[in-house]
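*Asks:* Encoded as structure tokens, here's the structure I'll be asking about.
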Amino acid sequence: MSGTVDSLIAEASRARREGHFPIAIATLNQAIALVRETGSKLLLAQALALIANVERDLGRPDPALTHYLEAVSLTRELGDPQRLAFTLRHLGDTLRELDSFEAAEAAYREALELYRADPSPKALDIANTVRGLALLATSTGRENDAQRHWTEARILYESVNVQEGVNEASEALLNISSHNPKP
């Protein structure tokens, strides 16, 4: 059964990458129904997180939130801190999009704590999480926090050669400094 669910998840991932969102959702709904029968928490968490990603791709954060919340709950039970951190970051992104700023910040901070507790953390995962905190601080008008987070994100993106992230952080820092010119 898990082979079938694995292949459905892979098929849905491919459909998502190709922009075939209805196919991805239908395939993931099939995978979710199958995996609920088998009881595999790992596969269910993977399928739920992926369908949540597709819902966000489609600009539908409300159903994405429902899927991420269940995926986070399942991932907590699995005891995989890196998978939990990754899912929490995406939950934070969705909560931020829904203007649930306090809950988003809690999700980002927990994800960041889990990533930083890893003996060999991935700079890109940390950068993406810090970026979420920077976007959140920017949205809520906390310019000092935003500046600190954007600076860290830029350094981390530079360390992994993600120019798009470096550019975004640099532009955000320029916007902050233009609002607060030095005397």
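*Asks:* Among the residues of segment 135-183, which ones are among the acidic types (Asp, Glu), over 17 Å from LYS122 (Cα atoms) and at pLDDT 95 or above?
*Replies:* As a first pass, look at segment 135-183 and keep what is among the acidic types (Asp, Glu): 143, 145, 152, 158, 164, 168, 171.
Then drop every residue that is not over 17 Å from LYS122 (Cα atoms), which leaves 143, 145, 164, 168, 171.
Across segment 135-183, the qualifying residues are ASP145, GLU164, GLU168, GLU171.
*Asks:* Could you check how many residues of segment 118-176 are in contact with a helix residue (DSSP H, G or I) (Cβ under 7 Å, 6 or more places away or on another chain) and among the basic types (Lys, Arg)?
*Replies:* Total satisfying the criteria: 2.
*Asks:* Does GLY141 meet the test of being outside any helix (DSSP H, G or I) and assigned by TED's automatic domain parsing to the domain that holds ARG17? Can you show your working first?
*Replies:* Values: outside any helix (DSSP H, G or I): yes; assigned by TED's automatic domain parsing to the domain that holds ARG17: no.
So GLY141 fails the test.
*Asks:* Take LEU50 and tell me if it is at pLDDT below 95 and in contact with a Lys or Arg (Cβ under 9 Å, 6 or more places away or on another chain). Working first, answer last.
*Replies:* Numbers: at pLDDT below 95: no; in contact with a Lys or Arg (Cβ under 9 Å, 6 or more places away or on another chain): yes.
In short, no.
*Asks:* Next question. When you go through (1) outside the structural domain of GLN46 (by TED's automatic domain parsing); (2) in contact with a Leu (Cβ under 6 Å, 6 or more places away or on another chain) one by one for PRO119, which number turns out not to apply?
*Replies:* (2)
The values are calculated or read from the model by the stated rules, or taken from the named source; none is laboratory data. It should be emphasised that the depicted structure is a prediction, and the values quoted were computed from it without experimental measurement. Please note: Cβ atoms are built from the backbone with ideal geometry, for glycine as well, and neighbour counts cover all protein chains shown.
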